Amino acid sequence: MDITVHRPGELTAADRAAWSTLQTTVPAAEAPQLHSPFLAPEFTLAVGACRRDVRIAVVREDGVPAAFFPHQRTAAGVGRAVGLGLSDCQGLVHRPGFTGDATELLRGSGLALWEFDHLATDQPLLAGRAVTRFGSPVMDVAGGWDDYLAGLRERSPKFTRTTLAKERRLTRDHGPLRYVHDERDPEVLRRLMAWKSAQYRRTGRGDRFAKPWVTRLVEHLFHTGPGPVRGLLSVLYAGQRPVAAHFGLRSAAVLACWFPAYDPAYAKYSPGLVLHLAMARGAAQDGMALLDLGRGRKEYKDSLKTRELTVSEGWVTRRHPVALGHRMRRAPARALRNTAQGRPELFGPADALLKRVGRLRTGG
């Protein structure tokens, strides 16, 4: 493999175009994860605009790009997936039939190790290094909104009835509902981030928006110009007031559901669920095929999903002391977290404890 490594700003327009072409060579129906906006050059370039540690390894065959390997790296050569902890789909973007050697890829990229937590399925170089696999629920709207809603009524009849009843009650109590699929008001984005930060604190989770680079990334993607890959702010209004909002990343075929939140004053109406149904309708009308809800145990995801894709977590490593040290530090905490999240008898008490911590944080 002929491998060159570039900072995001060094990638040529021709290479960016080749990357986008490789992403869409196989139809979305056959390789939905390859069409994820998290694998698009636009996402890597946006993260690169907000962090200094982003690199892109370009693998060429006979002078033609055959694969793109975006990553973040430390000076010691520890690599991570771009946006690790934020990205719901990771891996190489490569031509069909691409083969190679993972160790050679790491060596050519100057890495001792590459860590991932949402590795896409079709990764011939990397999939064999996965430690754990997880289901990642998706809402399939390729057949249109009516087909999705009919399937939802069949799969989750009680959930559907309850959510639609709350939608009617919200309309009756607070005025007509209005859904804006692509809201361009930055003030609403700031309100969404405030809601989400408060939610993180209430539930005892770390506030992602307390990290300045995450806030810069969201704002950068929101202000990205027209194109198939960009940030998408969707808002549900009751009367003139926003009651729920979502900021995600979209490609031509996939809407990655990223940061949903709602005004707690309207919690009894489940405005977040009402918003997700509106997003499904809007995505179908916009020609998208999937809403990717992301890995994680959530009751609402089980109710909304039509099926699951598979993502993996693990490391690709070389025989290197830096790789060994990193794995020894990271493996115990990762194993403990995955065990707790994968077993209901452990996840429930752990989640309740986090919420109690959150109430103490917020004076509740």
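Annotations for the structure displayed:
- Highest-first arrangement of 69-81, 163-175, 249-261, where packing means the average Cβ count within 10 Å: 249-261, 69-81, 163-175
- Between the beta carbons of residue 185 and residue 76, assuming R0 = 30 Å, the FRET efficiency works out to 0.10 to the nearest 0.05.
- Computed with a 1.4 Å probe over protein heavy atoms only, the accessible surface of the chain comes to 45 Å² per residue.
- Accessible surface of the chain [probe 1.4 Å, protein heavy atoms]: carbon and sulfur percent: 53 percent
- Potential lengthening of the chain between residue 205 and residue 154 amounts to 14.9 nm, from the contour at 0.36 nm per residue minus the alpha-carbon distance.
- Were the residues from residue 14 through residue 64 laid out at 0.36 nm apart, the gain over their Cα-Cα distance would be 16.9 nm.
- Each of 19, 113, 197 was placed along the dipole of the chain (beta-carbon charges, centred on the mean Cα), and the one lying farthest toward the positive end is 197.
- Residue pairs, from the table 196/268; 158/211; 211/305; 268/305, whose Cα atoms sit over 27 Å apart: 158/211; 211/305
- Across the stretch 70-128, C-alpha contacts under 8 Å between residues 6 or more apart give a mean separation that, scaled by the residue count, equals a relative contact order of 41 percent.
- Taking Lys and Arg as +1 and Asp and Glu as -1, the other residues whose beta-carbon sits under 14 Å from that of residue 98 total -4.
- Sorted largest first, the spans of the alpha carbon positions of the chain along the three principal axes are 64, 42, 38 Å.
- Centre-to-centre separation between the Cα atoms of the stretch 1-58 and those of the stretch 236-270: 28 Å.
- Global form of the stretch 181-225, assessed from the alpha-carbon gyration tensor, a/c cut-off 1.5: oblate
- Anisotropy class of the stretch 158-213 from Cα gyration tensor, a/c 1.5 cut: oblate
The values are calculated or read from the model by the stated rules, or taken from the named source; none is laboratory data. Just so it is clear, the structure is predicted and the values come from calculations on it, not from any experiment. Quick reminder, even Gly has a Cβ in these numbers, built from the backbone with ideal geometry, and neighbours come from all protein chains shown. The protein model used for the area step is the full one, side chains on, heavy atoms only, and it has no ligands, DNA or RNA in it. Shrake-Rupley method; radii C 1.70, N 1.55, O 1.52, S 1.80 Å.
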